[in-house]
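The values are calculated or read from the model by the stated rules, or taken from the named source; none is laboratory data. Predicted model, so just to flag it, every value in this text is computed and none were measured. Every residue, glycine among them, receives a Cβ derived from its backbone with ideal geometry; neighbour counts consider all protein chains shown.
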Amino acid sequence: MSQQQPKESLLQLIKKGNTSSAVAMIGNAVIAICKGVAFAFSGSGAIFASAMHSLADAVNQGFVFVGSVLSEKKPTPRFPNGFGRVINIFCMIAVIVVTIMAYETIHEGIHLLQHPAASGSGVWLNIIVLIINILVDGLILIKAMKEIIHESRAPEAHGLGIVSSAFRNVGRAAPPTRLVFYEDIVAVLGATLALISVIVIALTNFALLDGIVTLMIGCLMIAVAFRVGYDNMIGLIGVSAPKDVEDKVTETIFADEQVADIQMLRIVQEGRYYHVDGVIELKQGLTLADADDIKLRVQQALLTNPDIADAALSIIEDDRIQTWKDSDAELDRV
């Protein structure tokens, strides 16, 4: 990675940014403004909580989109491993924002339980805004699910299969896409709870439900903060690749007929890319020139995988001891 990489323009980097976070940022900003107007007319705590959540989402996705753009920068002599983990830092900033908004939401919920507010005059405005909220966040959530399937290289899914496939493969998606996925699940649930609260209070005048729903939305935001925080904490530390990625790497290495064994293999995930580091054993009797050509050939085969950022392999002669027994053998993990 010591070669000088050509510089990329800002526009080229922006085009590589995470589209899910960009769409979510714009959508949630519009929704937050609409909810703010509705809250000003009605004074509904559930609308306030939902507005806080949408505002937090918009700010978060802005941070995350900027992080996804910076993480696409090519490696430099000063930063030879690239900028993949930058996105994890920006996602951690997003976690702080969500936590602060969750605190404010829970605080408002407790206040509404102690001092229930009477139903305001903007009931229909609240209902219309929340229905729009559910539709917009629902579309963003569907897009995030499709992005998860695409980024994880999972088989194409249709209909309800998109939902199950997204939940199965979310751990292999890029950090920004995972953040959009988790936040929009809460956004849709929160807007649905707020809608139920507004309708029930308008029909029954059960004002305590406003505070209960506000607390529930705040707790959902805390759950998202913990989940996203955990994912990005291990991403900053450095986490090994999923099992299916490991299997594809070993399959590619052994596909070369001159490879006799794998003595050591380490695959680390940074952002949405993987870094491969290993020692492979080549068949005996090869000249140094031939062995070097084989090493380069295997490295190039690995780099045809768009998820692999770099592959650093060392070569030694076969010692006649089978170190790598099968695809289930344990890797030298980080």
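Assorted remarks:
- Note on segment 105-117: residues that are surrounded by fewer than 16 Cβ atoms within 10 Å (Cβ to Cβ), part of a helix (DSSP H, G or I) and not hydrophobic (A, V, I, L, M, F, W, C) amount to 3.
- Residue, nearest to the chain's Cα centre (by Cα), within segment 164-208, restricted to residues that are more than 30 Å from residue 62 (Cβ to Cβ) and at pLDDT 85 or above: 164
- Test: residue in segment 267-274 that is surrounded by fewer than 21 Cβ atoms within 10 Å (Cβ to Cβ) and outside the structural domain of residue 74 (by TED's automatic domain parsing): yes
- Selection status of residue 323, among the hydroxyl-bearing types (Ser, Thr, Tyr) and closer than 30 Å to residue 89 by Cβ: no
- Qualifying position, being over 19 Å from residue 197 (Cβ atoms), among the aromatic types (Phe, Trp, Tyr), without any contact (Cβ under 8 Å) to a residue 60 or more places away in the chain and not in a helix (DSSP H, G or I), among 63, 90, 79: 79
- Taken together, 311, 260, 289, 301 contain a single residue that is more than 28 Å from residue 84 (Cβ to Cβ), without any contact (Cβ under 8 Å) to a residue 60 or more places away in the chain, surrounded by 13 or more Cβ atoms within 10 Å (Cβ to Cβ) and not assigned by TED's automatic domain parsing to the domain that holds residue 192, which is 260.
- Of the criteria (1) surrounded by 18 or more Cβ atoms within 10 Å (Cβ to Cβ); (2) of a type in the set (Lys, Arg); (3) farther than 30 Å from residue 187 by Cα, which one residue 243 fails: (1)
- Of all residues making up segment 221-249, the number that are free of Cβ contacts under 8 Å to residues at least 60 places away in the same chain and touching a Leu at 6+ places or on another chain (Cβ under 7 Å): 1
- Scanning segment 161-209 for residues that are part of a helix (DSSP H, G or I), farther than 15 Å from residue 147 by Cβ and either small (Gly, Ala, Ser) or in contact with a Gly (Cβ under 7 Å, 6 or more places away or on another chain) (or both) returns 161, 164, 187, 188, 190, 191, 194, 197, 202.
- Applying a threshold of 8 Å to beta carbon distances and a minimum spacing of six or more residues, or different chains, the list of pairs starting in segment 171-195 at a residue that is closer than 19 Å to residue 242 by Cα and ending at one that is part of a helix (DSSP H, G or I) and of a type in the set (Phe, Trp, Tyr) reads 173/181; 176/65.
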